[in-house]
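The values are calculated or read from the model by the stated rules, or taken from the named source; none is laboratory data. The model shown is predicted, which means the values in this text are computed figures rather than measured ones. We place every Cβ from the backbone using ideal geometry, glycine too, and count neighbours over all the protein chains shown. Ligands, DNA and RNA are excluded from the accessible area calculation, which covers all protein heavy atoms including side chains. Shrake-Rupley method; radii C 1.70, N 1.55, O 1.52, S 1.80 Å.
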Amino acid sequence: MRARYGVPLGIAAAGAAGVVYAAGFEVRSFRLRRVTVPVLPPGMHPLRILQVSDIHMVGGQRKKQRWLRSLAGLRPDFVINTGDNLSDPEGVPEVLDALGPLMEFPGAYVFGSNDYYGPRFRNPARYLLEKAQRRHGLNGNAPVVGAIHNPWEDLRDGFDAAGWLNLTNTRGTLKVEGVSVELTGLDDPHIKRDRYAQVAGGPSGAADFSMGVVHAPYLRVLDAFTADAYPLVLAGHTHGGQLCIPFYGALVTNCDLDTDRVKGLSTHTAEGHTSYLHVSAGCGTNRYTPVRFACPPEATLLTLVGRE
């Protein structure tokens, strides 16, 4: 009896324990990562950016809301929101409430697909299939039919009222402690809303520092930003892989970015230029897959310092 059933029962018990940990603990184990990026002109005073991403707010997520509000205590120079704030059509008031203290600081935002459309249940195995077939989002897949439309206009109006810059396929400039920061943003490439031609040309030269912002780090977008000589690009979308294998890492990125750069700071090279890329693993999940494993939810405080 022991020889026949002991191993399968042990595997089943370990699997059950993993699910309990992923759904009951890690998904609410919010972390702050700190990253230093040498991208500013030499001699320029450091800038501190708080990046929040992939909140995927669902009604009643009080711990997540409290944690987001607490981030205002970091006193960043400015805030960048890289999209996918919603996972519930009724979640706009809770997002605005949770981000309220952060909206007291200068900031800017782009939207992701889940800001525009409500989530749908998907078999997690489809992410592996799409990776193998090189199809992600609307990039190679059939258009979505019968999608739920989220009230993204209300979210936009709330951010705009706080003075945050809407970077939807456009440029904007923040003044921070006498420093001019030029931001170039794109709408979400995951659903083919990016229009790089509208913002092409690279940094204007009128600002002290310039950077790119986008939700999903598709290679066509990273190539464009890097070829235009932006020193830094911020993105989200990947959830850091969400369900990772310890000591191995992520299996998927949900876009055409390689898994080695699924989260954190890396570099990207195109047409003889190299940019820093920071991908946030985000602090939420799709409401239908509320689990994380070996990939805690996060926000990131990036300290930009002078280049050597």
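Under the condition of being surrounded by 15 or more Cβ atoms within 10 Å (Cβ to Cβ) and of a type in the set (D, E, K, R), which residue from region 148-192 is nearest to the chain's Cα centre (by Cα)?
Only one residue tops the list, namely ASP188.
Do you know which residues across region 131-147 are among the charged types (D, E, K, R), in contact (Cβ under 8 Å) with a residue 60 or more places away in the chain and surrounded by 14 or more Cβ atoms within 10 Å (Cβ to Cβ)? Please lay out each step first, then the result.
If we filter region 131-147 for residues that are among the charged types (D, E, K, R), which is where we start, we get 131, 134-135.
Now narrow it down to the ones that are in contact (Cβ under 8 Å) with a residue 60 or more places away in the chain: 131, 134.
LYS131, the sole residue that qualifies.
Specify which of the listed residues (GLY91, GLY83) is under 30 Å from GLY306 (Cβ atoms) and small (Gly, Ala, Ser).
Residue meeting the stated conditions: GLY83.
Looking at region 69-92, which of its residues are out of contact with any Gly (no Cβ under 9 Å at 6 or more places or on another chain) and more than 23 Å from GLY185 (Cα to Cα)?
Listed by number, the residues that qualify are SER70, LEU71, GLY73, LEU74, ARG75.
Filter region 275-308 for residues that are of a type in the set (A, V, I, L, M, F, W, C) and part of a loop (DSSP other than H, G, I, E, B); which is nearest to PRO89 (Cα to Cα)?
Let us first name the residues in region 275-308 that are of a type in the set (A, V, I, L, M, F, W, C), namely 277, 279, 281, 283, 291, 293-295, 299, 301-302, 304-305.
Next cut, part of a loop (DSSP other than H, G, I, E, B) only: 281, 283, 291, 294-295.
Numbers: ALA281: 22, CYS283: 18, VAL291: 20, ALA294: 29, CYS295: 26 Å.
Within region 275-308, the match that is nearest to PRO89 (Cα to Cα) is CYS283.
Sort out which residues of region 222-245 are at positive phi and within 17 Å of the chain's Cα centre (by Cα), and write them in order of number. Give the derivation first.
Step one: of region 222-245, the residues at positive phi are 229, 237, 239-242.
Selection gives HIS237, HIS239, GLY240, GLY241, GLN242.
Within region 229-274, track down each residue that is part of a strand (DSSP E or B) and either polar (S, T, N, Q) or open to solvent by less than 60 Å² (accessible area, probe 1.4 Å) (or both). Reasoning before the result, please.
Quick first cut of region 229-274, residues part of a strand (DSSP E or B) only: 232-235, 243, 245, 249, 264-270, 273-274.
Of everything in region 229-274, those that are part of a strand (DSSP E or B) and either polar (S, T, N, Q) or open to solvent by less than 60 Å² (accessible area, probe 1.4 Å) (or both) turn out to be LEU232, VAL233, LEU234, ALA235, GLY249, GLY264, SER266, THR267, HIS268, THR269, ALA270, THR274.
Does any residue of region 151-169 turn out to be polar (S, T, N, Q), assigned to a loop (DSSP other than H, G, I, E, B) and over 23 Å from ALA98 (Cβ atoms)? Before the answer, list the steps.
So in region 151-169, the residues polar (S, T, N, Q) come out as 166, 168-169.
Narrowing further to those that are assigned to a loop (DSSP other than H, G, I, E, B): 168-169.
Now drop any that are not over 23 Å from ALA98 (Cβ atoms), which leaves 169.
There is at least one residue in region 151-169 that is polar (S, T, N, Q), assigned to a loop (DSSP other than H, G, I, E, B) and over 23 Å from ALA98 (Cβ atoms).
If GLY15 satisfies every condition in (1) surrounded by fewer than 12 Cβ atoms within 10 Å (Cβ to Cβ); (2) modelled with pLDDT under 95; (3) touching a strand residue (DSSP E or B) at 6+ places or on another chain (Cβ under 8 Å); (4) not hydroxyl-bearing (Ser, Thr, Tyr) but one, which is the exception?
Single failed check for GLY15: (3).
Residues in region 281-308 that are more than 24 Å from PRO246 (Cβ to Cβ), under 16 Å from the mean Cα position of the chain (by Cα) and surrounded by fewer than 18 Cβ atoms within 10 Å (Cβ to Cβ): how many?
Residues flagged as more than 24 Å from PRO246 (Cβ to Cβ), under 16 Å from the mean Cα position of the chain (by Cα) and surrounded by fewer than 18 Cβ atoms within 10 Å (Cβ to Cβ) within region 281-308 amount to 1.
Output the number of residues of region 48-90 satisfying the condition of being part of a loop (DSSP other than H, G, I, E, B) and open to solvent by 10 Å² or more (accessible area, probe 1.4 Å).
In the first step, residues of region 48-90 are kept if they are part of a loop (DSSP other than H, G, I, E, B); the result is 53-56, 58-61, 75-77, 82-85, 87-90.
With open to solvent by 10 Å² or more (accessible area, probe 1.4 Å) added as a condition, the list becomes 58-61, 75, 77, 88-90.
Residues that pass the stated criteria total 9.
Tell me which residues, restricted to region 95-130, are aromatic (Phe, Trp, Tyr), open to solvent by 10 Å² or more (accessible area, probe 1.4 Å), under 28 Å from PHE159 (Cα atoms) and assigned to a loop (DSSP other than H, G, I, E, B).
Of everything in region 95-130, just one residue is aromatic (Phe, Trp, Tyr), open to solvent by 10 Å² or more (accessible area, probe 1.4 Å), under 28 Å from PHE159 (Cα atoms) and assigned to a loop (DSSP other than H, G, I, E, B), namely PHE105.
Out of all the residues in region 131-150, which are assigned to a strand (DSSP E or B) and either farther than 17 Å from PRO89 by Cα or modelled with pLDDT under 85 (or both)? So that I can check it myself, show each step before the final result.
As a first pass, look at region 131-150 and keep what is assigned to a strand (DSSP E or B): 136, 139, 149.
Result: HIS136, ASN139.
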